[in-house]
Amino acid sequence: MDQHLSLYRIFYVVANTGNISQAAKQLYISQPAISKSISRLEDSLDVKLFIRSSRGVFLTSEGKILYQHIKKAFESIDAGENTIRRMNNLGVGRVQIGTSNTLCRFLLLPYLKPFIREYPHIKILISSQGSNQTLAALDQGNIDVGLIARPVSVKSLDFFSLGNISDIFVASPDYMKHLHAVHTDDVRLFQEATLMLLDKRNMTRQYIDDYLSLNHIEITDNLIEVTSMDLLIEFAKIGLGVACVIKEFVREELENGSLVEIPLDIPIHQREVGFAYLKKGRREKAVEQFIHFYKEKRNG
């Protein structure tokens, strides 16, 4: 069928105009070329498609059947082209973003709200997943942009930093009074407290495990693992234990005193977070607009 597509286009235009001369003008080819193309199509289908007369050309019964199908096909193609043009003119498109629930709530939403206001026709799709899954989705082309902690290697990625985040341990004032450990050392804290961490599939948890291992800190079986930072924060606020959270995301709780930061003899190194996308490949206009928007907003 691929080799006949141009023949079908010629057949469609001739059928619409009913005149080979007019069809030649529309298609910018010679009349003999059109006649030859129609003959080739008729030979391949082994039917007569047109009846030629002094007044022009008319479809045969077989030609009418073929025309009904070809008409639908080319109308569908035209509709697709018009949709693409409208999308470009109006800024319509879509952006697929991958990020964790935590980064989505605390970092992505502040960018999305003004972006949607400026580009209301662009559809935003968000995949809630960990940084490891986001990196895999970027590599496979399943998402356009990832909001992640900076990976060890960014050779295939463009990475736009949004700044650093700090991992800290927090608890409610009442829990700390019960534990009598506001000024305790790291080892006693991890031995005596109910520790609350993200589950092991999370990149933040992997980072904290590396910190604990590097500093030879062992944790007891008194451990609670959860799937989201929001739960860690809420569990800490009700006095369930000591939670490892991101400091920038609990500033309000630290300021109003519902949570207190537990000092560590050896602080946890900060991590860099930002937007990542593949260097290679041509991106859709909507994706380019999103990338340009957050760079302008960050630098503005």
### Query
So what's segment 41-139 giving for Rg/Rh, alpha carbon basis, Kirkwood Rh from the mean inverse pair distance?
1.37
### Query
Going by a ≥ b ≥ c, the root eigenvalues of the Cα gyration tensor, does segment 37-79 fall in the rounded group (a/c under 1.5), the prolate group (a/b larger than b/c) or the oblate group?
prolate
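I need the calculated FRET efficiency for the pair residue 53 and residue 288, taking r as the beta carbon distance and R₀ as 45 Å, to the nearest 0.05.
Working: r = 54 Å, r/R0 = 1.21.
So the FRET efficiency works out to roughly 0.25.
Given the -39500 (n - 2.57) contribution per DSSP H run of 4+ residues, what per-residue ellipticity at 222 nm results for the chain, rounded to the nearest 500 deg cm²/dmol? Provide the component values of the computation, followed by the final result.
Working: 12 runs with 142 residues, N = 300.
It lands at -14500 deg cm²/dmol.
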### Task
Amide H neighbours of residue 100 under 5 Å, at least 5 residues apart or on other chains, H built in the peptide plane: list them.
129
### Message
How tilted is helix 5-17 with respect to the longest principal axis of the chain? Cα atoms for both, answer in degrees (0 to 90, nearest 10).
### Response
60 degrees
#### Entry: Descending Cα extents along the principal axes, segment 94-253, whole Å
55, 32, 23
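Taking N as the number of residues in the chain, what is its Cα Rg relative to 2.2 N^0.38 Å?
On the way: Rg = 31.8 Å, N = 300, 2.2 N^0.38 = 19.2 Å.
Computed over Cα atoms of the chain, the ratio equals 1.65.
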### Task
List the residues whose amide H sits under 5 Å from the amide H of residue 126, counting only those 5 or more places along or on another chain, with H placed 1.01 Å from N in the peptide plane.
97
### Message
I need the phi-derived Karplus couplings for segment 237-253: 6.51 cos²θ - 1.76 cosθ + 1.60, θ = phi - 60°, integer Hz, Gly and Pro marked x.
### Response
5, 8, x, 7, x, 9, 10, 8, 10, 8, 4, 4, 9, 10, 4, 4, 5
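Please list the equivalent ellipsoid semi-axes of segment 2-89, computed as the square roots of five times the alpha-carbon gyration tensor eigenvalues, in descending order and whole angstrom.
Values: eigenvalues 120, 45, 30 Å².
So the three semi-axes of segment 2-89 are 24, 15, 12 Å.
Apply the a/c threshold of 1.5 to the C-alpha gyration tensor of segment 167-269 and tell me whether it is rounded, prolate or oblate.
On the way: a/c = 1.41, a/b = 1.13, b/c = 1.25.
In terms of gyration-tensor shape, rounded.
To the nearest 20 debye, what is the magnitude of the charge dipole of segment 167-269 about its Cα centre, counting +1 on the Cβ of each Lys and Arg and -1 on the Cβ of each Asp and Glu?
Details: 8 positive and 19 negative charges, 17 e Å.
Approximately 80 debye in magnitude.
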### Message
Ranking request for peptides 6-12, 263-269: highest mean number of other beta-carbon atoms within 10 Å first, then the rest in descending order.
### Response
6-12, 263-269
### Task
Taking H placed 1.01 Å from N in the peptide plane, check which residues at least 5 places from residue 57 or on another chain put their amide H under 5 Å from its amide H.
19, 20
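Taking the Cα centre of the chain as origin, work out the dipole magnitude from +1 charges on Lys and Arg Cβ and -1 charges on Asp and Glu Cβ, in debye rounded to 20. Please list the in-between numbers first.
Working: 36 positive and 35 negative charges, 521 e Å.
Dipole about the Cα centre, nearest 20: 2500 debye.
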### Task
Would you be so kind as to identify which of 84, 67, 21 lies farthest towards the positive end of the dipole of segment 2-89, taking Lys and Arg as +1 and Asp and Glu as -1 on Cβ and the Cα centre as origin?
21
### Query
Which net charge results when you count Lys and Arg as +1 and Asp and Glu as -1 among the other residues whose beta-carbon is under 10 Å from that of residue 10?
+3
### Query
By how many degrees, between 0 and 90 and to the nearest 10, does the Cα long axis of helix 203-214 differ from the longest principal axis of the chain?
40 degrees
### Query
On a 0 to 90 degree scale, rounded to 10, what angle separates helix 31-45 from the longest Cα axis of the chain?
80 degrees
### Message
Checking the a/c ratio against 1.5 first, then a/b against b/c, what shape does the Cα gyration tensor give for segment 214-300?
### Response
prolate
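The numbers here are math on the coordinates, done by the rules we state, and not lab data. The shown structure was predicted, so the numbers you read here are calculated from the model rather than taken from an experiment. Here the Cβ is made from the backbone with ideal geometry for all residues, glycine too, and neighbour counts use every protein chain on show.
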